[in-house]
1. Does any residue of the stretch 1-24 turn out to be over 15 Å from the mean Cα position of the chain (by Cα), of a type outside the set (A, V, I, L, M, F, W, C) and at pLDDT 75 or above?
2. For the stretch 50-65, how many residues are under 21 Å from ILE25 (Cα atoms) and surrounded by 11 or more Cβ atoms within 10 Å (Cβ to Cβ)?
3. Limited to the stretch 27-71, what total is found for residues that are in a loop (DSSP other than H, G, I, E, B), modelled with pLDDT of 95 or more and hydrophobic (A, V, I, L, M, F, W, C)?
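The values are calculated or read from the model by the stated rules, or taken from the named source; none is laboratory data. On a predicted model such as this, the values are computed, not experimentally measured, just so you know. Note: ideal-geometry Cβ built from the backbone for every residue, glycine included; neighbour counts use all protein chains shown.
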Amino acid sequence: MGAKSKEESAKAARTESASAIRASITFPADVYETLETIAKQKKVSLAWVVREAAENYIANKWPLFGGAKGE
């Protein structure tokens with residue numbers, strides 16, 4: 001995964017927010033702490049880690065859907 005410029009990231013965020021749905025999720029404390037650790041190591045947000053995990057889960061569970069992002 002390549003690094004994005006701040007401008008590219010902001011544009012992507014605007015595009016995502018137009019079609020994205022916000023969800024509130026409760027995690028066990030140990031899972032949340034692990035997700036925070038992963039986010040810090042990757043230098044991304046916790047939300048990014050959760051979205052990436054969800055997309056990977058869907059791709060692995062239902063590969064015939066061709067990608068969670070409408071690819």
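1. No: zero hits.
2. Qualifying residue count, the stretch 50-65: 10.
3. 2
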